[in-house]
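The values are calculated or read from the model by the stated rules, or taken from the named source; none is laboratory data. Predicted, not measured: the structure shown is a model, and the values here were computed from it. Cβ placement follows ideal geometry from the backbone for every residue including glycine, while neighbour counts extend to all protein chains displayed. SASA here: full protein model, heavy atoms, side chains in, ligands and nucleic acids out. Shrake-Rupley method; radii C 1.70, N 1.55, O 1.52, S 1.80 Å.
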Amino acid sequence: MLTSKQKELLLFIHERIKQDGVSPSFDEMKEALNLASKSGIHRLITALEERGFIKRLANRARALEVLKLPDSATPSAPPRGRQVFRPSVVGSAPPRLSDHTIPVLGRIAAGVPIEAIQHETARIRPPDDLPEGDDHFALEVKGDSMIDAGIHDGDLVILKRTDDAHSGDIVVALIDEEEATLKRLRKKGASIALEAANAAYETRIFGPDRVRIQGKLVALVRRYD
């Protein structure tokens with residue numbers, strides 16, 4: 001039987017893996033459980049592992065796998081504003097009956113911003129559950145600053161064209177009409193913060209007149225050679 005804190009942590013890890021594809025950091029766990037130090041998280045993780053609820057994955061940072069949940073567990077709804085998506089593996093699904101395709105518009109930086117969105121370089125079939133229409137486009141990810149949100153270098157992100165987004169959405173942002181980057185949007189008063197999902201990168205803050213939203217993440221496609 002789990003203690004209330006062990007159960008709370010297990011469900012938090014489970015929901016974050018479902019949402020982002022990776023387990024939360026120890027700092028995020030500490031904050032979520034309102035603990036004073038990470039040593040308490042270490043003890044809870046060890047207890048959950050000993051009881052067979054989770055497993056640590058070797059040779060991978062921040063890698064936990066949830067093996068089972070308590071019988072009484074009721075998964076909670078995802079927090080408002082967070083994107084919930086999972087990679088689709090190209091070539092693994094049956095052929096689509098529709099001929100619907102969307103354009104790939106070059107590369108987008110998930111790191112230090114590179115040049116703005118380019119012209120169409122290819123077309124791909126979107127995931128089956130994506131509605132047809134001309135308001136979606138894809139970009140190839142270059143860089144690792146969104147890796148903790150489950151977005152890797154070489155992935156294709158699919159975006160819905162929009163010039164507005166909620167705080168917490170992952171967006172393509174055009175900075176100073178010159179550079180485009182993929183980041184999580186945070187609205188801080190009159191300022192706009194573009195937040196990485198990798199501790200190695202700093203959050204960048206801009207005035208609202210310097211950032212223009214180009215699209216909002218709705219799906220991700222991962223290709224395997």
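Tabulated data for the structure shown
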| quantity | calculated |
| --- | --- |
| The stretch 1-50 - residue that is crowded, with 17+ Cβ neighbours inside 10 Å and of a type in the set (D, E, K, R) and, of those, nearest to His152 (Cα to Cα) | Asp20 |
| Residue, nearest to the chain's Cα centre (by Cα), within the stretch 121-167, restricted to residues that are of a type in the set (Ser, Thr, Tyr) and open to solvent by 10 Å² or more (accessible area, probe 1.4 Å) | Ser167 |
| Test: residue in the stretch 175-183 that is touching a residue at least 24 places away in the same chain (Cβ under 8 Å), crowded, with 18+ Cβ neighbours inside 10 Å, assigned to a strand (DSSP E or B) and touching a His at 6+ places or on another chain (Cβ under 8 Å) | no |
| Single residue of the stretch 189-224 satisfying the filter (open to solvent by 50 Å² or more (accessible area, probe 1.4 Å) and basic (Lys, Arg)) that is farthest from the chain's Cα centre (by Cα) | Arg210 |
